[in-house]
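Structure first, then comments.
The values are calculated or read from the model by the stated rules, or taken from the named source; none is laboratory data. It should be emphasised that the depicted structure is a prediction, and the values quoted were computed from it without experimental measurement. Virtual Cβ from ideal backbone geometry, glycine too; neighbours counted across all protein chains shown. With ligands, DNA and RNA removed, areas are computed over all heavy atoms of the protein, side chains included. Shrake-Rupley method; radii C 1.70, N 1.55, O 1.52, S 1.80 Å.
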Amino acid sequence: MEASQWRESVRNKKILVLGLAKTGVSVVQHLQALGAIVTVNDFKPLEENKDAQALIEENNARVVAGGHPVSLLDEDFAFMVKNPGIPFNNPMVVRAQEIGLPVYTDIELADKMTDATIIGITGSNGKTTTTSLVGEMLGKAASLAGESYVGGNIGIPSLDIASKAEADDRLILELSSFQLMGTDAFQPHIAAITNIYAAHLDYHGSMDGYISAKWQITANQTTDDFLILNADQMDVFGDRTTKATVVPFSATTIQPDGAWFDQDSQNFIWHDEIVLNRKDFFLPGHHNLENMLVAVAIGKLLGISNEEIKNGVSTFHGVKHRLQFVAEIDGRRFYNDSKATNNDASITALDSFSQKQDNVIWLAGGLDRGNEVTELADHMDRVKGMVVFGQAADKFAGLGQNKGLTAIQQVEWIEEAVKAAYDMSAPGDTILLSPASASWDQYPNFEVRGDRYIKAIEDLGK
(Lines give C-alpha, C1' and ligand atoms only; values in the text may rest on other atoms or scores of the structure.)
Protein backbone atom coordinates (compact mmCIF):
# COMPACT_ATOMS: atom_id res chain seq x y z
CA MET A 1 0.00 0.00 0.00
CA GLU A 2 1.34 3.42 -0.95
CA ALA A 3 1.81 5.97 1.80
CA SER A 4 -1.03 8.17 0.56
CA GLN A 5 -3.43 5.23 0.64
CA TRP A 6 -2.39 4.25 4.16
CA ARG A 7 -2.79 7.80 5.41
CA GLU A 8 -6.30 7.85 4.04
CA SER A 9 -7.06 4.40 5.45
CA VAL A 10 -6.69 5.52 9.07
CA ARG A 11 -9.24 8.31 8.73
CA ASN A 12 -12.08 7.73 11.22
CA LYS A 13 -10.36 4.56 12.52
CA LYS A 14 -10.32 4.09 16.31
CA ILE A 15 -6.74 3.72 17.51
CA LEU A 16 -5.39 3.18 21.02
CA VAL A 17 -2.06 4.80 21.96
CA LEU A 18 -0.50 3.12 25.00
CA GLY A 19 2.03 5.27 26.86
CA LEU A 20 3.03 8.85 26.19
CA ALA A 21 6.41 10.61 26.61
CA LYS A 22 7.86 12.25 23.50
CA THR A 23 7.13 9.32 21.17
CA GLY A 24 3.56 8.79 22.35
CA VAL A 25 2.69 12.47 22.06
CA SER A 26 4.06 12.51 18.52
CA VAL A 27 2.00 9.44 17.56
CA VAL A 28 -1.20 10.98 18.92
CA GLN A 29 -0.67 14.27 17.13
CA HIS A 30 0.11 12.72 13.75
CA LEU A 31 -2.72 10.18 13.88
CA GLN A 32 -5.17 12.92 14.80
CA ALA A 33 -3.87 15.01 11.90
CA LEU A 34 -4.77 12.10 9.60
CA GLY A 35 -8.31 12.05 10.95
CA ALA A 36 -7.99 9.03 13.24
CA ILE A 37 -10.10 8.77 16.41
CA VAL A 38 -7.41 8.40 19.06
CA THR A 39 -7.71 7.20 22.65
CA VAL A 40 -4.67 7.64 24.91
CA ASN A 41 -3.95 5.38 27.87
CA ASP A 42 -1.10 6.35 30.20
CA PHE A 43 -0.27 4.90 33.61
CA LYS A 44 0.69 8.20 35.23
CA PRO A 45 -2.24 9.96 37.00
CA LEU A 46 -3.67 12.90 35.08
CA GLU A 47 -2.83 15.47 37.78
CA GLU A 48 0.87 14.49 37.45
CA ASN A 49 0.81 14.01 33.70
CA LYS A 50 1.73 17.17 31.81
CA ASP A 51 1.80 15.37 28.45
CA ALA A 52 -1.74 14.08 28.93
CA GLN A 53 -2.98 17.45 30.14
CA ALA A 54 -1.50 19.18 27.09
CA LEU A 55 -3.10 16.68 24.70
CA ILE A 56 -6.49 17.29 26.29
CA GLU A 57 -6.16 21.06 26.22
CA GLU A 58 -4.46 21.49 22.85
CA ASN A 59 -5.63 18.48 20.85
CA ASN A 60 -8.95 17.68 22.53
CA ALA A 61 -7.67 14.13 22.92
CA ARG A 62 -9.48 11.44 24.83
CA VAL A 63 -7.18 10.38 27.67
CA VAL A 64 -7.55 7.53 30.15
CA ALA A 65 -4.87 8.10 32.79
CA GLY A 66 -3.85 6.66 36.15
CA GLY A 67 -3.78 2.97 35.20
CA HIS A 68 -4.19 0.41 32.43
CA PRO A 69 -7.84 -0.78 32.47
CA VAL A 70 -7.96 -3.89 30.31
CA SER A 71 -11.70 -3.32 29.80
CA LEU A 72 -10.75 -0.44 27.52
CA LEU A 73 -9.89 -3.06 24.90
CA ASP A 74 -13.55 -4.03 24.64
CA GLU A 75 -13.86 -1.09 22.28
CA ASP A 76 -13.42 -1.68 18.58
CA PHE A 77 -9.89 -0.41 17.96
CA ALA A 78 -8.15 -0.97 14.61
CA PHE A 79 -4.75 -1.31 16.26
CA MET A 80 -2.67 -0.28 19.26
CA VAL A 81 0.47 1.85 19.13
CA LYS A 82 2.67 1.02 22.11
CA ASN A 83 5.40 3.21 23.55
CA PRO A 84 8.62 1.22 22.97
CA GLY A 85 9.50 1.23 26.67
CA ILE A 86 6.33 -0.61 27.70
CA PRO A 87 7.13 -4.34 27.91
CA PHE A 88 5.10 -6.95 26.08
CA ASN A 89 4.03 -8.53 29.39
CA ASN A 90 2.04 -5.40 30.22
CA PRO A 91 -1.60 -6.53 30.82
CA MET A 92 -2.91 -4.24 28.09
CA VAL A 93 -0.47 -5.64 25.54
CA VAL A 94 -1.09 -9.23 26.61
CA ARG A 95 -4.84 -8.78 26.28
CA ALA A 96 -4.48 -7.06 22.88
CA GLN A 97 -2.51 -10.00 21.57
CA GLU A 98 -5.05 -12.45 23.00
CA ILE A 99 -7.88 -10.80 21.07
CA GLY A 100 -5.82 -10.39 17.88
CA LEU A 101 -5.45 -6.62 18.05
CA PRO A 102 -2.27 -5.58 16.17
CA VAL A 103 0.32 -3.96 18.46
CA TYR A 104 2.80 -1.63 16.78
CA THR A 105 5.53 0.78 17.76
CA ASP A 106 6.02 4.13 16.06
CA ILE A 107 8.47 2.94 13.41
CA GLU A 108 5.88 0.61 11.90
CA LEU A 109 3.66 3.65 11.34
CA ALA A 110 6.58 5.71 10.02
CA ASP A 111 7.20 3.07 7.36
CA LYS A 112 3.55 3.04 6.35
CA MET A 113 3.32 6.84 6.33
CA THR A 114 6.08 7.58 3.82
CA ASP A 115 7.37 6.47 0.43
CA ALA A 116 10.87 7.74 1.29
CA THR A 117 13.84 5.37 1.37
CA ILE A 118 14.34 4.03 4.90
CA ILE A 119 17.78 3.30 6.32
CA GLY A 120 17.50 1.48 9.64
CA ILE A 121 20.44 1.23 12.06
CA THR A 122 20.41 -0.90 15.20
CA GLY A 123 22.89 -2.71 17.44
CA SER A 124 23.96 -2.94 21.06
CA ASN A 125 26.59 -0.19 20.79
CA GLY A 126 27.36 2.52 18.30
CA LYS A 127 23.95 3.00 16.74
CA THR A 128 23.59 6.64 17.83
CA THR A 129 27.04 7.60 16.57
CA THR A 130 26.56 5.67 13.33
CA THR A 131 23.12 7.16 12.69
CA SER A 132 24.43 10.68 13.30
CA LEU A 133 27.47 10.01 11.11
CA VAL A 134 25.34 8.70 8.24
CA GLY A 135 23.00 11.66 8.59
CA GLU A 136 25.94 14.08 8.33
CA MET A 137 27.38 12.24 5.33
CA LEU A 138 24.17 11.90 3.33
CA GLY A 139 23.04 15.42 4.22
CA LYS A 140 26.13 16.81 2.49
CA ALA A 141 26.04 14.50 -0.55
CA ALA A 142 25.12 16.81 -3.42
CA SER A 143 24.61 13.92 -5.84
CA LEU A 144 21.61 12.61 -3.89
CA ALA A 145 18.15 13.88 -4.76
CA GLY A 146 15.84 14.99 -1.98
CA GLU A 147 16.54 15.46 1.72
CA SER A 148 18.01 13.25 4.44
CA TYR A 149 16.22 13.18 7.80
CA VAL A 150 17.56 11.63 11.03
CA GLY A 151 15.25 10.35 13.75
CA GLY A 152 13.91 7.40 15.71
CA ASN A 153 15.52 6.28 18.94
CA ILE A 154 18.02 9.11 18.59
CA GLY A 155 15.52 11.52 20.16
CA ILE A 156 13.51 12.79 17.18
CA PRO A 157 10.23 10.85 16.88
CA SER A 158 10.09 8.90 13.65
CA LEU A 159 6.66 10.23 12.68
CA ASP A 160 7.91 13.82 12.93
CA ILE A 161 10.20 13.20 9.98
CA ALA A 162 8.12 10.59 8.13
CA SER A 163 5.19 13.01 7.95
CA LYS A 164 7.19 15.53 5.91
CA ALA A 165 9.40 13.21 3.84
CA GLU A 166 8.84 12.91 0.09
CA ALA A 167 9.51 9.89 -2.13
CA ASP A 168 12.98 11.17 -3.09
CA ASP A 169 14.00 11.65 0.54
CA ARG A 170 15.71 9.34 3.01
CA LEU A 171 14.81 8.52 6.62
CA ILE A 172 17.86 7.51 8.65
CA LEU A 173 16.42 5.82 11.72
CA GLU A 174 18.18 4.70 14.87
CA LEU A 175 16.20 1.66 16.00
CA SER A 176 16.07 0.04 19.42
CA SER A 177 15.22 -3.60 20.03
CA PHE A 178 12.11 -2.34 21.83
CA GLN A 179 10.93 -0.54 18.69
CA LEU A 180 11.72 -3.45 16.39
CA MET A 181 9.62 -5.86 18.44
CA GLY A 182 6.57 -3.77 17.56
CA THR A 183 6.83 -4.18 13.80
CA ASP A 184 4.85 -6.22 11.31
CA ALA A 185 5.61 -5.00 7.78
CA PHE A 186 8.48 -2.59 8.51
CA GLN A 187 10.93 -2.80 5.59
CA PRO A 188 14.07 -0.67 5.46
CA HIS A 189 15.82 -0.62 2.10
CA ILE A 190 19.16 -0.63 3.91
CA ALA A 191 19.44 -2.17 7.39
CA ALA A 192 22.52 -2.32 9.58
CA ILE A 193 23.30 -4.16 12.82
CA THR A 194 26.47 -2.62 14.26
CA ASN A 195 27.13 -5.35 16.83
CA ILE A 196 25.42 -7.57 19.38
CA TYR A 197 26.28 -7.80 23.08
CA ALA A 198 24.17 -8.83 26.06
CA ALA A 199 21.72 -6.01 26.83
CA HIS A 200 18.13 -5.47 27.98
CA LEU A 201 17.77 -9.12 28.97
CA ASP A 202 15.25 -8.14 31.64
CA TYR A 203 13.02 -6.85 28.84
CA HIS A 204 13.62 -9.61 26.30
CA GLY A 205 13.90 -12.53 28.71
CA SER A 206 17.00 -14.08 27.16
CA MET A 207 19.89 -13.40 24.82
CA ASP A 208 18.08 -15.32 22.11
CA GLY A 209 15.03 -13.10 22.56
CA TYR A 210 17.20 -9.99 22.34
CA ILE A 211 18.92 -11.16 19.15
CA SER A 212 15.56 -12.10 17.62
CA ALA A 213 14.29 -8.58 18.31
CA LYS A 214 17.31 -7.09 16.53
CA TRP A 215 16.89 -9.52 13.62
CA GLN A 216 13.37 -8.20 13.14
CA ILE A 217 14.99 -5.33 11.22
CA THR A 218 15.39 -7.68 8.23
CA ALA A 219 12.19 -9.72 8.58
CA ASN A 220 10.46 -8.07 5.62
CA GLN A 221 13.44 -7.23 3.45
CA THR A 222 13.61 -8.67 -0.07
CA THR A 223 16.42 -9.44 -2.49
CA ASP A 224 16.30 -5.78 -3.54
CA ASP A 225 17.28 -4.70 -0.01
CA PHE A 226 20.57 -4.79 1.90
CA LEU A 227 21.55 -6.00 5.38
CA ILE A 228 24.91 -4.73 6.69
CA LEU A 229 26.40 -7.08 9.29
CA ASN A 230 29.55 -7.23 11.40
CA ALA A 231 31.60 -10.00 9.78
CA ASP A 232 33.33 -10.68 13.10
CA GLN A 233 30.00 -11.59 14.72
CA MET A 234 28.24 -13.68 12.10
CA ASP A 235 28.07 -16.68 14.44
CA VAL A 236 25.98 -14.64 16.91
CA PHE A 237 22.95 -14.92 14.64
CA GLY A 238 22.99 -18.71 14.47
CA ASP A 239 20.76 -20.14 11.77
CA ARG A 240 18.70 -16.98 11.27
CA THR A 241 18.21 -16.17 7.59
CA THR A 242 17.40 -13.13 5.49
CA LYS A 243 16.23 -12.53 1.95
CA ALA A 244 18.28 -9.32 1.78
CA THR A 245 21.71 -9.08 0.21
CA VAL A 246 24.17 -9.35 3.10
CA VAL A 247 26.94 -6.74 3.12
CA PRO A 248 29.74 -7.60 5.59
CA PHE A 249 32.07 -5.14 7.31
CA SER A 250 35.16 -5.71 9.44
CA ALA A 251 37.88 -3.65 11.09
CA THR A 252 40.14 -6.72 11.30
CA THR A 253 39.76 -8.83 8.14
CA ILE A 254 39.48 -8.28 4.39
CA GLN A 255 35.91 -8.25 3.07
CA PRO A 256 36.00 -8.40 -0.74
CA ASP A 257 32.21 -8.05 -0.92
CA GLY A 258 31.88 -5.35 1.73
CA ALA A 259 33.62 -2.65 3.74
CA TRP A 260 36.85 -3.17 5.67
CA PHE A 261 39.73 -1.37 7.35
CA ASP A 262 43.32 -2.04 6.34
CA GLN A 263 45.46 -1.84 9.49
CA ASP A 264 48.68 -1.37 7.49
CA SER A 265 47.61 1.50 5.24
CA GLN A 266 44.97 2.81 7.66
CA ASN A 267 42.51 3.00 4.77
CA PHE A 268 38.78 2.37 4.80
CA ILE A 269 38.07 0.17 1.78
CA TRP A 270 34.93 -0.77 -0.14
CA HIS A 271 35.53 -4.09 -1.93
CA ASP A 272 38.99 -3.27 -3.34
CA GLU A 273 38.56 0.51 -3.60
CA ILE A 274 40.14 2.98 -1.16
CA VAL A 275 37.42 5.33 0.13
CA LEU A 276 39.25 7.42 2.76
CA ASN A 277 42.08 7.26 5.28
CA ARG A 278 41.96 7.11 9.07
CA LYS A 279 43.36 10.65 9.28
CA ASP A 280 40.19 11.91 7.55
CA PHE A 281 38.02 10.71 10.45
CA PHE A 282 38.28 12.32 13.90
CA LEU A 283 36.69 9.76 16.21
CA PRO A 284 39.13 7.50 18.08
CA GLY A 285 38.83 3.82 18.98
CA HIS A 286 38.25 0.46 17.34
CA HIS A 287 34.49 0.75 17.81
CA ASN A 288 34.46 3.93 15.73
CA LEU A 289 36.32 2.16 12.94
CA GLU A 290 33.33 -0.18 12.79
CA ASN A 291 30.86 2.72 12.91
CA MET A 292 32.68 4.37 10.01
CA LEU A 293 32.64 1.14 8.00
CA VAL A 294 28.85 0.94 8.32
CA ALA A 295 28.66 4.53 7.07
CA VAL A 296 30.95 3.71 4.14
CA ALA A 297 28.78 0.75 3.19
CA ILE A 298 25.60 2.83 3.31
CA GLY A 299 27.16 5.61 1.27
CA LYS A 300 28.41 3.24 -1.41
CA LEU A 301 25.12 1.34 -1.59
CA LEU A 302 23.39 4.66 -2.25
CA GLY A 303 25.91 5.49 -4.97
CA ILE A 304 27.62 8.54 -3.52
CA SER A 305 31.25 9.21 -4.39
CA ASN A 306 34.30 8.62 -2.22
CA GLU A 307 34.88 12.36 -2.12
CA GLU A 308 31.34 12.92 -0.85
CA ILE A 309 31.87 10.31 1.86
CA LYS A 310 35.15 11.94 2.88
CA ASN A 311 33.69 15.44 2.87
CA GLY A 312 30.66 14.29 4.84
CA VAL A 313 32.57 12.66 7.68
CA SER A 314 35.69 14.85 7.90
CA THR A 315 33.82 17.45 9.96
CA PHE A 316 31.95 14.95 12.14
CA HIS A 317 33.22 15.25 15.70
CA GLY A 318 30.95 12.70 17.30
CA VAL A 319 27.75 12.75 19.31
CA LYS A 320 27.88 15.38 22.02
CA HIS A 321 29.27 14.12 25.35
CA ARG A 322 30.07 10.68 23.85
CA LEU A 323 33.80 10.68 23.15
CA GLN A 324 33.22 13.92 21.27
CA PHE A 325 36.20 15.68 19.72
CA VAL A 326 36.00 19.27 20.96
CA ALA A 327 39.07 21.14 19.73
CA GLU A 328 42.80 21.10 19.18
CA ILE A 329 44.69 23.83 21.03
CA ASP A 330 48.45 24.17 20.79
CA GLY A 331 48.75 20.60 19.57
CA ARG A 332 46.59 19.16 22.36
CA ARG A 333 43.36 17.37 21.39
CA PHE A 334 40.44 17.67 23.81
CA TYR A 335 37.72 14.99 23.99
CA ASN A 336 34.43 15.20 25.89
CA ASP A 337 33.11 11.88 27.18
CA SER A 338 30.99 13.30 30.00
CA LYS A 339 28.36 10.60 29.41
CA ALA A 340 30.85 8.04 30.75
CA THR A 341 29.26 7.70 34.17
CA ASN A 342 30.57 4.21 34.98
CA ASN A 343 33.71 2.09 34.67
CA ASP A 344 32.67 0.28 31.49
CA ALA A 345 32.13 3.51 29.57
CA SER A 346 35.48 4.95 30.65
CA ILE A 347 37.24 1.68 29.79
CA THR A 348 35.93 2.08 26.23
CA ALA A 349 37.22 5.66 26.17
CA LEU A 350 40.66 4.79 27.56
CA ASP A 351 40.99 1.86 25.18
CA SER A 352 40.28 4.22 22.30
CA PHE A 353 43.64 5.88 23.00
CA SER A 354 45.74 2.75 23.42
CA GLN A 355 48.24 3.17 20.59
CA LYS A 356 51.93 3.73 21.31
CA GLN A 357 51.76 7.30 20.05
CA ASP A 358 48.93 8.20 22.45
CA ASN A 359 49.66 10.09 25.67
CA VAL A 360 46.57 10.86 27.72
CA ILE A 361 45.78 13.32 30.47
CA TRP A 362 42.68 11.79 32.06
CA LEU A 363 40.04 13.90 33.83
CA ALA A 364 38.04 11.67 36.20
CA GLY A 365 35.79 11.87 39.23
CA GLY A 366 32.32 12.86 40.37
CA LEU A 367 29.68 11.26 42.54
CA ASP A 368 31.10 8.54 44.78
CA ARG A 369 28.66 5.64 44.67
CA GLY A 370 30.94 3.36 46.67
CA ASN A 371 32.00 1.29 43.65
CA GLU A 372 35.54 0.10 43.09
CA VAL A 373 37.66 1.61 40.31
CA THR A 374 40.58 -0.80 40.40
CA GLU A 375 39.52 -2.52 37.15
CA LEU A 376 40.35 0.71 35.31
CA ALA A 377 44.06 0.24 36.05
CA ASP A 378 44.46 -2.34 33.28
CA HIS A 379 43.36 0.29 30.74
CA MET A 380 45.62 3.15 31.82
CA ASP A 381 48.87 2.27 30.02
CA ARG A 382 48.73 5.42 27.88
CA VAL A 383 47.69 7.70 30.77
CA LYS A 384 50.62 9.94 31.78
CA GLY A 385 48.72 12.26 34.11
CA MET A 386 45.38 12.69 35.89
CA VAL A 387 43.23 15.58 37.05
CA VAL A 388 40.63 14.42 39.57
CA PHE A 389 37.58 16.17 41.04
CA GLY A 390 34.30 15.63 42.87
CA GLN A 391 33.41 13.28 45.72
CA ALA A 392 35.41 10.44 44.16
CA ALA A 393 38.57 12.52 43.64
CA ASP A 394 40.59 10.74 46.34
CA LYS A 395 39.58 7.35 44.97
CA PHE A 396 40.81 8.21 41.47
CA ALA A 397 43.96 9.84 42.81
CA GLY A 398 44.70 6.60 44.64
CA LEU A 399 44.12 4.67 41.42
CA GLY A 400 46.69 6.83 39.65
CA GLN A 401 49.21 6.52 42.49
CA ASN A 402 48.90 2.74 42.49
CA LYS A 403 49.55 2.82 38.74
CA GLY A 404 52.78 4.72 39.41
CA LEU A 405 51.70 8.13 38.13
CA THR A 406 53.34 11.18 39.63
CA ALA A 407 51.43 13.81 37.64
CA ILE A 408 48.14 13.86 39.58
CA GLN A 409 46.32 17.05 40.50
CA GLN A 410 43.08 17.45 42.46
CA VAL A 411 40.76 20.37 41.67
CA GLU A 412 37.21 21.31 42.57
CA TRP A 413 35.51 22.34 39.32
CA ILE A 414 35.69 21.24 35.70
CA GLU A 415 36.99 24.64 34.60
CA GLU A 416 39.99 24.22 36.88
CA ALA A 417 40.48 20.70 35.53
CA VAL A 418 40.80 21.98 31.96
CA LYS A 419 43.47 24.52 32.91
CA ALA A 420 45.35 21.96 35.04
CA ALA A 421 45.26 19.36 32.27
CA TYR A 422 46.57 21.86 29.73
CA ASP A 423 49.46 22.84 32.01
CA MET A 424 50.25 19.16 32.62
CA SER A 425 50.22 18.25 28.92
CA ALA A 426 52.50 18.71 25.93
CA PRO A 427 51.84 19.12 22.20
CA GLY A 428 50.60 15.82 20.78
CA ASP A 429 48.82 14.81 23.99
CA THR A 430 45.15 13.91 24.34
CA ILE A 431 43.12 15.52 27.13
CA LEU A 432 40.19 13.25 27.91
CA LEU A 433 37.19 13.96 30.14
CA SER A 434 35.77 10.51 30.90
CA PRO A 435 34.70 10.73 34.56
CA ALA A 436 33.64 7.11 35.25
CA SER A 437 31.22 8.73 37.70
CA ALA A 438 27.82 10.38 37.74
CA SER A 439 27.72 14.17 37.91
CA TRP A 440 25.11 14.75 40.62
CA ASP A 441 27.53 15.73 43.36
CA GLN A 442 28.29 18.95 41.46
CA TYR A 443 26.13 19.20 38.33
CA PRO A 444 22.46 18.46 37.53
CA ASN A 445 23.43 15.95 34.81
CA PHE A 446 26.28 14.83 32.58
CA GLU A 447 25.17 17.28 29.86
CA VAL A 448 25.77 20.30 32.09
CA ARG A 449 29.13 18.88 33.13
CA GLY A 450 30.10 18.34 29.50
CA ASP A 451 28.86 21.77 28.40
CA ARG A 452 30.95 23.46 31.08
CA TYR A 453 33.97 21.43 29.94
CA ILE A 454 33.43 22.59 26.35
CA LYS A 455 33.03 26.21 27.44
CA ALA A 456 36.24 26.02 29.47
CA ILE A 457 38.10 24.70 26.41
CA GLU A 458 36.69 27.52 24.28
CA ASP A 459 37.82 30.06 26.88
CA LEU A 460 41.26 28.44 27.00
CA GLY A 461 41.65 28.89 23.27
CA LYS A 462 40.87 32.60 23.30
Exercise for review: With the condition kept exactly as written, say whether any residue in region 305-328 is hydroxyl-bearing (Ser, Thr, Tyr) and either in contact with a Leu (Cβ under 7 Å, 6 or more places away or on another chain) or modelled with pLDDT under 95 (or both).
Suggested key: yes
Point to revise | Count of region 67-108 residues which are surrounded by 18 or more Cβ atoms within 10 Å (Cβ to Cβ) and among the β-branched types (Val, Ile, Thr) | key: 6
Review point. Just wondering, is there one or more residues in region 146-159 that are acidic (Asp, Glu) and farther than 23 Å from residue 85 by Cβ?
Key: yes
Review point. Counting just the residues of region 280-325 that are at positive phi and within 19 Å of the chain's Cα centre (by Cα), which one comes out surrounded by the most Cβ atoms within 10 Å (Cβ to Cβ)?
Key: 323
Practice item. Name the single residue, out of those in region 171-208 being outside any loop (DSSP other than H, G, I, E, B) and in contact with a His (Cβ under 9 Å, 6 or more places away or on another chain), that is farthest from residue 93 (Cα to Cα). Key: 177
Check your understanding: If a residue has to be in contact with a strand residue (DSSP E or B) (Cβ under 8 Å, 6 or more places away or on another chain) and either open to solvent by 20 Å² or more (accessible area, probe 1.4 Å) or over 22 Å from residue 217 (Cβ atoms) (or both) to count, how many in region 129-140 make the cut?
Key -> 2
Check your understanding: Just wondering, is there one or more residues in region 130-149 that are among the hydroxyl-bearing types (Ser, Thr, Tyr), assigned to a helix (DSSP H, G or I) and within 19 Å of residue 229 (Cβ to Cβ)?
Key -> yes
Check your understanding: Going by the conditions given, is residue 50 of a type in the set (Lys, Arg), within 21 Å of the chain's Cα centre (by Cα) and open to solvent by 20 Å² or more (accessible area, probe 1.4 Å)?
Key -> no
**Study point:** residue 277 vs. criteria among the polar types (S, T, N, Q), open to solvent by 30 Å² or more (accessible area, probe 1.4 Å) and farther than 15 Å from residue 126 by Cα
**Key:** yes
Practice item. Mind counting the residues in region 20-62 that are charged (D, E, K, R) and within 18 Å of residue 155 (Cβ to Cβ)? Key: 2
Study note, to complete from the structure: Wholly inside region 1-117, helices (runs of 4 or more DSSP H) that include 2 or more residues that are under 29 Å from residue 210 (Cβ atoms) and free of Cβ contacts under 8 Å to residues at least 24 places away in the same chain are 91-98
Point to revise | The one condition in (1) among the aliphatic types (A, V, I, L, M); (2) more than 27 Å from residue 386 (Cα to Cα); (3) open to solvent by less than 30 Å² (accessible area, probe 1.4 Å) that residue 349 fails to fulfil | key: (2)
Practice item. Being under 30 Å from residue 145 (Cα atoms) and surrounded by fewer than 19 Cβ atoms within 10 Å (Cβ to Cβ) narrows it down to one of 111, 115, so name that one. Key: 115
